[in-house]
1. Would you mention how many residues in region 322-340 are over 16 Å from Arg359 (Cα atoms) and either surrounded by 18 or more Cβ atoms within 10 Å (Cβ to Cβ) or touching a residue at least 24 places away in the same chain (Cβ under 8 Å) (or both)?
2. Looking at Leu257, Leu250, Leu209, Leu262, can you tell me which residue is closer than 24 Å to Glu141 by Cα, surrounded by 16 or more Cβ atoms within 10 Å (Cβ to Cβ) and touching a Leu at 6+ places or on another chain (Cβ under 7 Å)?
3. Inspect all residues belonging to region 330-345 and state whether any of them is within 14 Å of the ligand (Cβ to nearest atom) and on the phi < 0 side of the Ramachandran plot.
4. Is at least one residue of region 114-122 surrounded by fewer than 24 Cβ atoms within 10 Å (Cβ to Cβ) and within 18 Å of the chain's Cα centre (by Cα)?
5. Check region 295-312 and report whether any residue there is at pLDDT 95 or above, more than 16 Å from the ligand (Cβ to nearest atom) and aliphatic (A, V, I, L, M).
6. Answer yes if at least one residue in region 446-464 is within 24 Å of the chain's Cα centre (by Cα), at pLDDT 95 or above, within 16 Å of the ligand (Cβ to nearest atom) and closer than 20 Å to Tyr320 by Cα, and no otherwise.
7. Of the conditions (1) touching a strand residue (DSSP E or B) at 6+ places or on another chain (Cβ under 7 Å); (2) at pLDDT 95 or above; (3) small (Gly, Ala, Ser), Gly32 fails just one. Which one is it?
8. On the given criteria, is Leu437 within 23 Å of Arg460 (Cβ to Cβ), surrounded by fewer than 19 Cβ atoms within 10 Å (Cβ to Cβ) and not acidic (Asp, Glu)?
Amino acid sequence: MSKYIFITGGVISSLGKGIASASIGKILESRGLKVALMKLDPYINVDPGTMNPYQHGEVYVTEDGAETDLDLGHYERFTNTLSSKFNNITTGQIYNSVISRERKGDYLGKTIQVIPHITDAIKERIKKCAEVSKADIVIVEIGGTVGDIESLPFLEASRQFRLDMGAENVFYIHLTLVPYIKAAGEVKTKPTQHSVGTLREIGIIPDVLICRTEKSLTDNVKEKISLFCNVRKEAVIESPDMDSIYQVPLVFKKQILDEIILSHFKLICKFSDLKDWERAVVNRALNPKHKVTIAVIGKYIELQDAYKSIYEALNHAGIYNDARVEIKRIDSESLEKDKIEQMLKGVSGILVPGGFGYRGIEGKIKAIKFSRLNKIPFLGICLGMQCAVIEFARNVCNLKTANSTEFKPTKYPVISLLQEQAKLKDLGGTMRLGAYLCKIRKNSLAGQVYGKSLVYERHRHRYEFNNKFKKLFEKNGMVLSGVCPRKDLIEIVELKAHPYFIAVQFHPEFKSKPDKAHPLFSGFIQAALQFQALGK
Ligand code: GLN
């Protein structure tokens, strides 16, 4: 039978609950346990796929094509787990399923209520994830902050879990903030006390408190938190800000958080000191030999979370190449007006990520032209590939008004909708989603960086390269180096007369890990380092 850890957050949002959950997954996995990680999101959307990145940040796509919360990205990067549609639940999904069962008559004669019907549906979904993953330990992160109205059903379901499964099988961790007040010169525990008080009102008594803090907690402060919050002193774990998020598992390990959890569950596991992780990831991330600057030309650039996996994948490629990757975030709209040479000064690589809608497109195209002409390493992702195709059509093939039909009606629809997409009416969950096989052409740059000819990569888009233009593009020097064989769709394009110009219709960033950088990203950073060394 699986054991369950519920992770809640208190005081404020953005404390890094996802990273804490992923780090707990890491330290338990390193002890030889099979873990699964889940995120429960309190919003009413069925999934984040229909939300603007400004609202939600990145939408993380799983292998099976679920559009999910970006915390699932942390789970996959920190651990060896593979998430699926079973790992992310939203209030919208829960109500959807309960209401459709009610319409079918499954609850005939009854009044449908939050308790027990909604909470039962939540518990079923958590147990389903345990069943599908066959995990020893299921780590369930509850979105939002304790005290929010909308997360109450999830908290209530997690309270019931201990009653249903037995106290020895369920563990509660609360992540909280212990702020440092400069004027008083001390850290304050009151917000934590209140937050734990609110949890206790709901019936949840945390077994561990993880305290996010700028200053290290003294013994006295830990004792105070322990006393007022009714948590053993050794279970008050401090989590200071770190230079690299990949240090967090080591911080928890040092405070024997894994032992505290295992002893509650009465599990005896193999020893692990996480030295491999420390050597291969942390030490390399903290002490790189080189430094290189990469421009990310995005349209949601102000928001740190909008390109989370891309930034992480760049970091991983830095770790691989022994380099610190400085990311220069450039708003593509501003690039339309400003002098590109100035804005891209000192940049050794240009990455154009995914996105939707016409806003900012011309700036992206301008940056791509700049990288093509100046032979600056370029990596285009999804919309980034579509823009590279438009740029090539306009400026090399001389199709001056070429465009994607997503943006404008055009005589030269080099990017267009497939028939199967054009017929669709619903917008939620209907894009080309999840992993598809891609066949890579021999003797291509893609073949060289991947070192193999068949790969699976994850997708999230509606529009595709228009095969009518294949011949013209090839004639003009674009290499169509990756194809989805089942649908004959172009997945990778590259340029011959360029050291590293490659653009992909899929999202390689979702499969990059700190100790296993994605080849397209590690090749990109390697090329950027070479470009930098040439002193251009
Ligand atoms: N808007 C484009 C499409 O739907 C690209 C999507 C993306 O970059 N994820 O095809």
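The values are calculated or read from the model by the stated rules, or taken from the named source; none is laboratory data. Every value quoted in this text rests on a predicted model; they were computed, and no experiment measured them. So basically every Cβ, Gly included, is an ideal-geometry build from the backbone, and we count neighbours across all protein chains shown.
1. Of the residues in that region, 9 qualify.
2. None of the others qualify; the one that does is Leu250.
3. Yes: region 330-345 contains one or more residues that are within 14 Å of the ligand (Cβ to nearest atom) and on the phi < 0 side of the Ramachandran plot.
4. No, the conditions are met nowhere in region 114-122.
5. Within region 295-312, one or more residues are at pLDDT 95 or above, more than 16 Å from the ligand (Cβ to nearest atom) and aliphatic (A, V, I, L, M).
6. Taking every residue of region 446-464 in turn, none turns out to be within 24 Å of the chain's Cα centre (by Cα), at pLDDT 95 or above, within 16 Å of the ligand (Cβ to nearest atom) and closer than 20 Å to Tyr320 by Cα.
7. It fails just one condition, (1).
8. For Leu437, the condition - within 23 Å of Arg460 (Cβ to Cβ), surrounded by fewer than 19 Cβ atoms within 10 Å (Cβ to Cβ) and not acidic (Asp, Glu) - is met.
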